[in-house]
1. By its C-alpha gyration tensor, with a ≥ b ≥ c as the square roots of the eigenvalues, how is the range 20-187 shaped: rounded for a/c under 1.5, else prolate for a/b larger than b/c, else oblate?
2. Under a cut-off of 29 Å between alpha-carbon atoms, report the lysines in cross-link reach of residue 119, not counting same-chain residues fewer than 8 places apart.
3. Pop out the ³J(HN,Hα) list for the range 352-357 in order, Karplus 6.51 cos²θ - 1.76 cosθ + 1.60 with θ = phi - 60°, rounded to Hz; leave Gly and Pro as x.
4. Between Rg and the Kirkwood Rh of the chain, both from Cα atoms, what is the Rg to Rh ratio?
5. Which of 69, 94, 20 sits closest to the plus end of the dipole of the range 4-100, meaning its Cα is farthest towards the positive end, when Lys and Arg get +1 and Asp and Glu get -1 on the C-beta?
6. How much of the accessible area of the chain, probe 1.4 Å, is carbon plus sulfur, in whole percent?
7. Let me spell out the model: positive unit charges on the Cβ of Lys and Arg, negative unit charges on the Cβ of Asp and Glu, origin at the Cα centre of the chain. What dipole size does that give, in debye rounded to 20?
8. Among 171, 112, what's the order by accessible area (1.4 angstrom probe), most exposed first?
Amino acid sequence: MNGSDPLSWSPDGGFRFDNSWARDLPGTFVAQAPDPAPAPVLVVLNRALAADLGLDADSLAAHPEWFAGGGLPPGAEAVALAYAGHQFGGFSPQLGDGRAHLLGEHLGPDGRRWDIQLKGSGRTPFSRGGDGKAVLGPMLREYLISEAMAALAVPTTRSLAVALTGEDVWRDSGRMPGAVVARVASSHLRVGSFQFWSARGDTPQLARLADYAIARHDPDLVGQGGRILAFFDRVVARQAALIAQWMGLGFVHGVMNTDNMTISGETIDYGPCAFMEGYAPGTVFSSIDRQGRYAFANQPLILGWNLARLAEALVPLIPGARDAVVDDLNDRLSAIAPRYHDEWLAVMRAKLGLDGAEPGDGALVDDLLAAMAGADWTLTFRRLADAAEGDLAPLKGLFADFSAMEAWLPRWRARLAPGAARAMRAQNPAVIPRNHMVEAALTAANQGDMAPFHALLAEVTDPFADRPGREAFTLPAPMGFGDYVTFCGT
Ligand code: AMP
Ligand code: MG
């Protein structure tokens, strides 16, 4: 298992833990070790990420119990975090890590701080009725899609490893192999973390949490007067930019509850998420989202709704008369929609190869969306790069009726930056995690064959290249695949 140079091998994995949450936020977590795994086996290890984090992948590979449960890397102090949250609009004052353990914060080679968390690692005081476990398919799904998002340059939590525990877990579909994903995040602070203390009316704890969040994510604001409002604005900016990126990629998160919205601006909790194929604003994949609350086109509205919940939670921390504070926050909330729109338009301009900003750009994008109803989202943009070079055939092949596009194309060409095709191909992926490919990879993995998973992972983590041999990964699901339904990641 040792690397080629035994002298460079660190038996402690290279972890440098400094556990500020456990040290600074008593009351906001419960010390709790992951369940021991009877037969831990690593099924995926992210060697590239390990290297970036200053971790020794060979040493990690020698310690599957660090990832499946049964032993902690040196310096880890396992805790389950408390948080609250609005789930599908209804408030739960106590959610928390019901099947996750924060092992601690690892300091990377550049001094940056990374939460290392296991998910699927056993019951905690926050488990409520749940078993605290996870199964292989959904954990591999989180690994695959989070790594695809990172390769697409979308802020996201990362996946360091998936390990089998050697224990079967019961689900509706029967006995499934139990598994744990090791997640890396710039923090696990969520909107719901603030709601937890705000719902309890505990302003000192809320203030401690806010200062902790500011120190981690906006250290330039530490100690400043007005820092809570400035912090709120930063969260708004990060989340508006994030959701604009999702919308550019046709990504549907599926469960944008306030406990699944980070303070860092990273995408988190890859449960029922999926990428839209044929463009339809109402696209929903999650089996439990019957009202379409978290449908593709609703995500920008939910952005504002969730940030309003954060604003409410922060009210007690903002100095001044309450009415004035609320007015101020309301002004900031009203500014979210235009702010998001600017971010989105910037994303769409880049996708369409437009330089600079012109007043008609919004209408140009809106009219494209109207013209492309039903056409494959990813391929339409990818093949517009061919159209920019004068080759219309690949684009035309995506449309049953091309007439609206015929009318739109000259307007776009008139606005197109010279030589834009290259830049467009660097913005518009050739390969996304297509739902039928993801399902095929997870089905094979459940039967012990990891080869399709690794093949798909290699493709989705190199999304922008045009390479012969990858066509099968670029195409939409065959007709027989039907409507895709996802289930929450349990
Ligand atoms: P999620 O939908 O994954 O964001 O989870 C929502 C809440 O349910 C969180 O508090 C989770 O910790 C909890 N939860 C999800 N699955 C389980 C499980 N199998 N056992 C215990 N708690 C769970
Ligand atoms: Mg969650």
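The values are calculated or read from the model by the stated rules, or taken from the named source; none is laboratory data. Here the structure is a predicted model, which is why all the values come from computation and not from measurement. All Cβ positions, even for glycine, are placed from backbone atoms using ideal geometry, and neighbour counts span all protein chains on display. These accessible areas exclude ligands, DNA and RNA; they are computed on the full protein's heavy atoms, side chains included. Shrake-Rupley method; radii C 1.70, N 1.55, O 1.52, S 1.80 Å.
1. rounded
2. 133
3. Values per residue, Gly and Pro as x: 8, x, 9, 8, x, 10 Hz.
4. Result: Rg/Rh = 0.97.
5. In the range 4-100, that residue is 94.
6. Answer for the chain: carbon and sulfur cover 54 percent of the accessible area.
7. Dipole of the chain, to the nearest 20 debye: 400 debye.
8. 112, 171
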